[in-house]
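Okay, structure first, notes after.
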Amino acid sequence: DSDGDGLSDSYETDTLGTDYGLEDTDGDYMSDKDEVYIYGTNPNDQDSDDDGLGDNYEVTTDIGAGNVYITDPLNSDTDNDGYGDRVEIEEGTDPTDPNSKPSTSCDGPFAWMNPICWMTGFMDIFL
């Protein structure tokens, strides 16, 4: 365990494909071991669910960084209400409450990130 993260060098190299010389291969401030054994996230990807919110941001609250919610780093829509976590955070709604939804989901600069807008024709202007 060259990097001291609790994972053997051979496990990191042969199974995970992570860098056995770095405790945090993807640089998201979560150790490879924590990503594998605690969160189930990808230690090679800073944003395992590709929602635009880093894994570390999703699993910790940081009032200074504007994050007051703990969301699921493996599900881009934690509350399964049809609005992505990042969209809800940007729009000021709660990504952990299915009853808290953006009121103008297809307006504003982040509409392109909302799959609901894709179905309503919003994305036609880009096609």
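The values are calculated or read from the model by the stated rules, or taken from the named source; none is laboratory data. Please read these numbers as outputs of a predicted model, since none were measured by experiment. Neighbour counts run over all protein chains shown; Cβ positions are idealised from the backbone, glycine included. Keep in mind that these areas ignore ligands, DNA and RNA; they rest on the heavy atoms of the full protein, side chains included. Shrake-Rupley method; radii C 1.70, N 1.55, O 1.52, S 1.80 Å.
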Checklist entry - Carbon and sulfur atoms: what percent of the 1.4 Å accessible area of the stretch 23-84 do they account for? => result 46 percent
Checklist entry - Say R0 is 25 Å: what FRET efficiency, to the nearest 0.05, do residue 50 and residue 29 get from their beta-carbon distance? => result 0.85
Checklist entry - Per 5 Å bin from zero, what fraction in whole % of the C-alpha pairs of the stretch 1-57 is there, up to the bin with the longest pair? => result 4, 24, 33, 23, 10, 5, 1
Checklist entry - How much area per residue is accessible in the stretch 1-69 when the probe is 1.4 Å and only protein heavy atoms are counted (Å²)? => result 53 Å²
